[in-house]
Structures are given as structure tokens and as C-alpha cells.
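The values are calculated or read from the model by the stated rules, or taken from the named source; none is laboratory data. Here the structure is a predicted model, which means the values were calculated and not measured. When we count neighbours, we look across all protein chains shown, and the Cβ atoms used for this are built from the backbone with ideal geometry, even at glycine.
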Amino acid sequence: MSRASTGSRSIVQILVLATAGVLFALPLIAAASFGFTLPEQGFTLQPLLEAVADSGFAAQVLQSLILALLTTVASFALLIPTLVWLHLRAPRWLPLAEALSVIPFVVPAVALVNGANLAFRLTVPGFITSVYSLVPFYVILTMPLVYRALDAGMRSFPLRTLYTAATSLGSGPVRTLFSIILPNLRAALVTAALLCFTLVLGEYVLATLLLHSTFPVFLVQIGQDHPRAAAALSVITILCTWLLLSAFSGRGLARRRRAAAHTPATQPSVLPDVRTPV
Amino acid sequence: MSPASNLLLLESAAGDVAPTTSQAGRAQAGPPAEARSVISRLPGRDLIGLIPYFAFIAVFLLLPILANVWTSVHDNTGGWTLDSLKKIGTEQYLSAFLNTMALSAVTALLGGALGLLVAWALATLERPRWLKSVMLSFSVVASQLGGIPLAFAFIAAIGSQGMITIAVSDATGWDLTDAFALSSFWGLVVVYLYFQVPLMAILVLPAIMGIRREWSESARSLGAGRLRYLVQIMLPILSPAIGGAILLLFANSFSAFATAYAVSGGGANLIPILIGFFISGNVLSDQSLGAALATGMMVVITLAMLLRHLLVRRTTRWLK
């Protein structure tokens with residue numbers, strides 16, 4: 001009897017997951033067929049190519065990629081030395097630093113941009129009007145996730161021991177950073193960079209309200225005249241996000257599976273709190 | 001066990017050595033000896049390396065927050081006033097606040113219930129492994145979707161010219177958008193659920209996977225039925241995790257801007273959209289009122305997240 005009951009329960013679970021899968025796939029399939037077809041013509045890239053040809057598509061994509069790269073570099077340049085210092089020299093400040101890093105969670109992007117406008121528009125007028133003024137705010141938006149990813153990375157290897165060993169062998173702090181600490185942080189760096197890229201490439205609120213044109217802003221613009229092209233580009237964007245994130249979650253799950261061998265309760269990972277602003 | 005304790009020993013040994021070596025390292029470029037000894041006696045010398053981080057947070061995060069709060073209690077001439085905060089209580093803005101809260105609460109509760117179901121299915125399904133792993137990776141990705149691409153995907157699917165709308169109308173002659181406009185309240189609920197359900201699933205999955213099989217076996221051996229086990233054992237154990245996750249979902253949809261903006265074409269009566277109008281100058285520019293609305297949002301989300309923090313602390317204590 002107990003075998004029968006587990007068997008029937010399994011069917012319920014398969015039903016739940018299959019229904020969820022179909023419901024979640026449906027809008028994507030519909031959008032893809034809307035974006036990549038024309039009535040009585042079948043599959044075509046024509047609407048997409050038309051919309052992309054006469055506008056600054058490549059320039060906007062490039063702009064977003066540059067912003068993503070700058071955000072990643074700036075986050076790393078700010079947070080890696082800070083975290084190394086915190087762990088080696090000032091561990092009692094770790095709780096405060098971590099508490100500060102999660103404040104962006106409670107500040108909606110729209111409130112941050114309103115405050116930034118109030119604080120900088122009149123005092124430093126040249127700052128907000130430059131598209132690169134987005135970078136520090138993107139560093140802030142990604143900070144809760146990037147800080148945690150890097151912090152977890154630092155805790156995953158004996159930082160102090162390795163640092164001391166490197167110093168005793170005559171390595172200076174800079175050399176230790178590049179040849180000892182960064183290689184050990186590789187996994188965390190990849191995770192953090194993926195998070196930065198996913199967030200920045202999709203970020204709309206700050207860019208549009210500070211009147212800068214990035215890829216999502218461009219997407220909204222062409223959505224007004226070329227709905228099919230917008231749908232096609234959306235599907236492409238979602239698929240790219242998928243690729244970026246599945247690289248990330250695949251690694252996260254592998255790590256969790258390894259951790260599960262030692263502890264029955266699942267370890268808290270970076271994953272559960274991850275949510276890019278929408 | 002022993003490798004770990006060896007590591008701890010090594011680390012504590014390294015901890016004794018580290019200050020001397022790093023001081024020696026600094027001596028080459030550092031200030032003269034007597035000045036250095038003064039610096040090293042200052043209680044805050046550990047803070048030197050943290051100055052860039054604290055300064056960055058202060059300028060780009062705390063300053064904008066303070067600018068919001070400050071502007072919300074000052075009028076345009078710079079005098080103190082509570083008028084803007086009081087205006088939140090007037091009909092127009094109060095209805096937007098209530099509408100945003102209703103949307104957030106509905107999507108958090110519905111998304112929470114459905115997400116819990118998906119998480120349970122993910123945690124307990126064993127046989128077709130591919131279905132489990134596909135849906136798990138799907139949940140991770142879908143929980144991250146949102147914003148403009150998701151909005152356009154929904155417009156292409158069930159908007160007024162959407163594929164599904166047209167297919168339904170061709171098949172049955174019934175116009176889907178009559179009953180269910182994408183830009184209406186329930187239209188937004190459906191779009192938000194697209195990321196709320198998978199987000200809930202991955203938020204509660206660790207807690208559900210933390211449930212031991214022995215608990216259900218021992219409850220059953222003590223004579224508890226399935227319902228009693230669910231109500232008296234599972235519910236108390238999981239409720240902090242579930243409550244915390246639902247609060248995160250609430251905060252998540254409360255602050256969402258881009259999805260609602262793109263789906264409704266800026267027409268939704270939601271607080272983030274109104275603040276957007278204040279910033280881009282589409283309404284008579286009243287900085288103070290815009291700042292008051294932004295401050296109100298931050299207060300609501302801070303309350304939700306504080307509550308979540310307390311609940312999550314309880315969860316981790318339980319599952320340890």
C-alpha cells in the first residue's frame with residue numbers, strides 16, 4: 001500500500017511540474033512565433049532586421065556591454081581589496097560592512113534614482129548627464145549579490161594562511177593579490193561577473209529615468225513601432241540571460257550537491273536571495 | 001574533522017604572525033617611525049583600508065537616501081514642512097499606494113502558494129530526473145526574468161494582437177482581452193506571477209530539502225496521520241521560511257517598475273510609476289512630493305525586509 005501511495009504521489013508531482021513547465025514556456029513560444037514570423041510568410045528575420053537596420057542597435061548593445069564590463073571591474077576593484085582587508089586586518093568590521101552591502105535591497109531602483117537626481121543634478125550637473133554615471137549606481141545595485149559572492153569565496157579558502165605564507169616567501173601585497181588570492185577566488189569572480197552582466201544588461205529603470213540610452217531603453221523604443229522586432233529581441237535577450245544564468249546555477253547546484261554529502265540540511269548559498277530589480 | 005581543526009590551528013597561528021609581517025611590509029613606504037607608532041595606537045587604524053568602501057557607500061547610496069528623506073520634509077523654498085508626507089494620504093496617492101500594496105500582496109500570496117507547490121514537487125520527485133533538473137534550472141532562470149523582455153513576451157502572447165489572443169479568437173470567436181486586459185490589475189498579476197512563482201520555489205527549496213525523512217517516519221510511528229503531520233510538524237518548521245519568502249516576494253513586486261511600465265505603457269496606477277513621472281517631469285514638478293513617495297516606498301520595503309530578517313534567523317536556527 002505504501003508503494004502504491006508513493007507511486008500516485010509521484011504522478012501528482014510530475015503533473016505539477018509539467019503544468020508549470022508548459023505555462024512558463026507558453027509566453028516564450030508565443031513571443032518567439034510572433035517575433036520570427038510574418039502572416040503568410042512563415043519563419044523570417046525580416047521584422048527584426050528592419051528594426052535593427054535603421055536605428056542605433058549595435059551602438060546601444062555595445063553601450064550596455066561597456067557599462068556591464070565597467071560595473072564588473074569597478075565592483076571588483078572596490079570590493080576585493082576591501083574584503084581582503086576586512087578578513088585580514090579588520091574582521092570586527094565585517095558585520096557592519098555586510099550590513100551596509102545589503103541596504104540596496106531595501107532601496108527600490110526608482111527611489112535610488114530619485115535620490116540621485118536630487119543629490120547630484122544641481123550640485124554636480126556634469127555627472128548625471130554622463131552615461132558613465134550609471135556605473136557607480138549599478139555597482140550599488142549589484143552590491144548585495146556581488147559582496148556576498150566574493151565574501152563566500154574568501155571564506156572558502158584559508159586566506160590568512162596563504163597570505164602569510166606568500167608574505168614570508170617575499171611576495172608583496174599586490175603580487176599576493178594577483179597570484180594567490182585572485183586565482184583562489186576564480187569561482188566567486190565568475191559568479192559575481194555573471195550577476196553583474198545579467199543585471200546591467202537588463203537594467204531599465206535607472207537608464208531611462210536618467211535619460212541615457214542603453215539596450216533595454218532601445219528595446220522599449222522599437223517596441224512602439226516594431227512590436228514583432230521587439231518580441232524577437234526579447235526572446236533573444238531571455239535566451240541569452242538563460243545561458244548566462246545556467247552557467248551560474250549549474251555551478252551553484254554542483255557545489256550544493258557536494259555540500260549535501262556532508263550536511264543534510266542544504267547550505268544557504270548565494271542563490272536564494274538573488275533577484276535582479278525589474 | 002581533523003583536517004578542519006588543523007586548518008583552524010594553522011589559521012590562528014597565522015593570525016599571530018600576520019600583524020608583524022604586514023607591519024614590516026608597510027615600514028618601507030609608511031610614515032616615519034614615531035608617527036607610525038602613533039597611528040598604530042589609534043583605535044581606528046583598521047579602518048584605513050575600509051575608507052574607499054565606506055566613502056563609496058556614503059556617496060552613492062546613503063546620500064541619495066538622505067536626499068529623498070530630506071527633500072520629503074522640505075518645501076521648494078527650503079523650509080521644513082510635512083505637507084508632502086501628508087499628501088501621500090490624499091486620495092490620488094493613497095489609491096496608488098493601496099493599489100501597489102494590493103498587487104504586491106496578491107502576487108506574493110498567489111505566487112507563494114503556487115511556488116510552494118512547485119518547490120514541494122521539485123524536492124520530492126525522484127523518478128524522471130530530467131524533468132526535475134530541467135524545471136530546477138528553469139525556475140532559477142525564470143525567477144530572474146522580468147523587466148522589458150518579459151513584458152514584450154507577454155504582449156506578444158496575450159496582448160491585444162498577441163498570438164494566443166488571436167488563436168483563441170480564431171478558434172472560439174471570443175476576444176480574450178475583453179475579459180482580461182494585460183494592462184489591468186489582473187493582467188499585471190499574471191505577468192508578475194511569471195517570476196514570483198519560480199522565485200518562491202527556489203527560496204523555499206532549501207528549507208523543504210532540509211526536512212528529514214525520519215521526522216515523517218517517527219510521526220507516523222507515533223500514530224500521526226498525514227494531515228496531522230503536515231499541520232503540527234511541517235507547518236511550524238516551515239512557516240518562518242515561507243513567511244520570509246513571501247515577504248521578499250512582496251518587496252520584490254512592490255519595487256518593480258520596468259515590467260509594469262512596459263506592460264501598461266506607463267498607465268498603471270502604481271507608486272513606482274508615479275515616481276517615474278515625477279523624475280521625468282511628466283507631472284507638475286513637485287520634488288518634495290516625489291521624494292515623499294520614494295521615502296514611503298523605502299519605509300514599506302524596509303519593514304518587510306526587517307520582518308523577513310527576523311523570520312529567516314528563526315529558520316536557520318531550526319534547520320541547524
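Could you tell me how many of the residues in region B:43-62 are surrounded by fewer than 14 Cβ atoms within 10 Å (Cβ to Cβ) and either at the interface with chain A (Cβ under 8 Å from one of its Cβ atoms) or of a type in the set (A, V, I, L, M) (or both)?
4
Within the group B:ALA96, B:ALA113, B:ALA121, which residue is under 30 Å from B:LEU274 (Cα atoms) and either free of Cβ contacts under 8 Å to residues at least 24 places away in the same chain or surrounded by fewer than 18 Cβ atoms within 10 Å (Cβ to Cβ) (or both)? Write out each step before concluding.
Details: B:ALA96 fails: either free of Cβ contacts under 8 Å to residues at least 24 places away in the same chain or surrounded by fewer than 18 Cβ atoms within 10 Å (Cβ to Cβ) (or both); B:ALA121 fails: under 30 Å from B:LEU274 (Cα atoms).
Sole residue among the options that is under 30 Å from B:LEU274 (Cα atoms) and either free of Cβ contacts under 8 Å to residues at least 24 places away in the same chain or surrounded by fewer than 18 Cβ atoms within 10 Å (Cβ to Cβ) (or both): B:ALA113.
Taking the condition free of Cβ contacts under 8 Å to residues at least 24 places away in the same chain, within 11 Å of another protein chain (Cβ to nearest Cβ) and among the aliphatic types (A, V, I, L, M), does A:LEU112 pass? Spell out the reasoning first.
Numbers: free of Cβ contacts under 8 Å to residues at least 24 places away in the same chain: no; within 11 Å of another protein chain (Cβ to nearest Cβ): yes; among the aliphatic types (A, V, I, L, M): yes.
Taking the combined requirement at face value, the residue does not satisfy it.
In the set B:THR172, B:THR259, which member is more than 31 Å from the chain's Cα centre (by Cα) and either among the hydroxyl-bearing types (Ser, Thr, Tyr) or at pLDDT 90 or above (or both)? Break it down into steps so the answer makes sense when it comes.
Numbers: B:THR259 fails: more than 31 Å from the chain's Cα centre (by Cα).
Just one listed residue meets the conditions, B:THR172.
Looking at region A:116-128 only, could you name the residues that are free of Cβ contacts under 8 Å to residues at least 24 places away in the same chain and in a helix (DSSP H, G or I)? I'd like the intermediate steps shown before the answer.
At the first step, the residues of region A:116-128 found to be free of Cβ contacts under 8 Å to residues at least 24 places away in the same chain are A:118-127.
A:LEU118, A:ALA119, A:PHE120, A:PRO125, A:GLY126, A:PHE127 - these are the residues of region A:116-128 that are free of Cβ contacts under 8 Å to residues at least 24 places away in the same chain and in a helix (DSSP H, G or I).
Whether any residue in region B:75-93 is out of contact with any Asp or Glu (no Cβ under 6 Å at 6 or more places or on another chain), modelled with pLDDT of 90 or more and surrounded by fewer than 16 Cβ atoms within 10 Å (Cβ to Cβ) is what I want to check. Spell out how you get there, then give the answer.
Filtering region B:75-93 for residues out of contact with any Asp or Glu (no Cβ under 6 Å at 6 or more places or on another chain) gives B:75-80, B:82-93.
Retained after the next criterion (residues that are modelled with pLDDT of 90 or more): none.
The answer is no; no qualifying residue exists.
Just to be sure I understand the filter: pairs with C-beta atoms under 6 Å, separated by 6 or more residues or on different chains, first member in region A:52-76 and within 12 Å of A:PHE215 (Cβ to Cβ) and of a type in the set (Gly, Ala, Ser), second member part of a helix (DSSP H, G or I) and at pLDDT below 95. Which pairs pass?
Going by the 6 Å Cβ cut-off, the qualifying pairs are A:SER64/A:LEU201; A:SER64/A:PHE215; A:ALA68/A:PHE197; A:ALA68/A:VAL200; A:ALA68/A:LEU201.
Can you tell me how many residues within region A:32-54 are polar (S, T, N, Q) and either within 22 Å of A:THR241 (Cβ to Cβ) or part of a strand (DSSP E or B) (or both)? Spell out the reasoning first.
Narrowing region A:32-54 to residues polar (S, T, N, Q): A:33, A:37, A:41, A:44, A:46.
From the residues that got through so far, the ones that are either within 22 Å of A:THR241 (Cβ to Cβ) or part of a strand (DSSP E or B) (or both) too are A:33, A:37.
The qualifying residues number 2.
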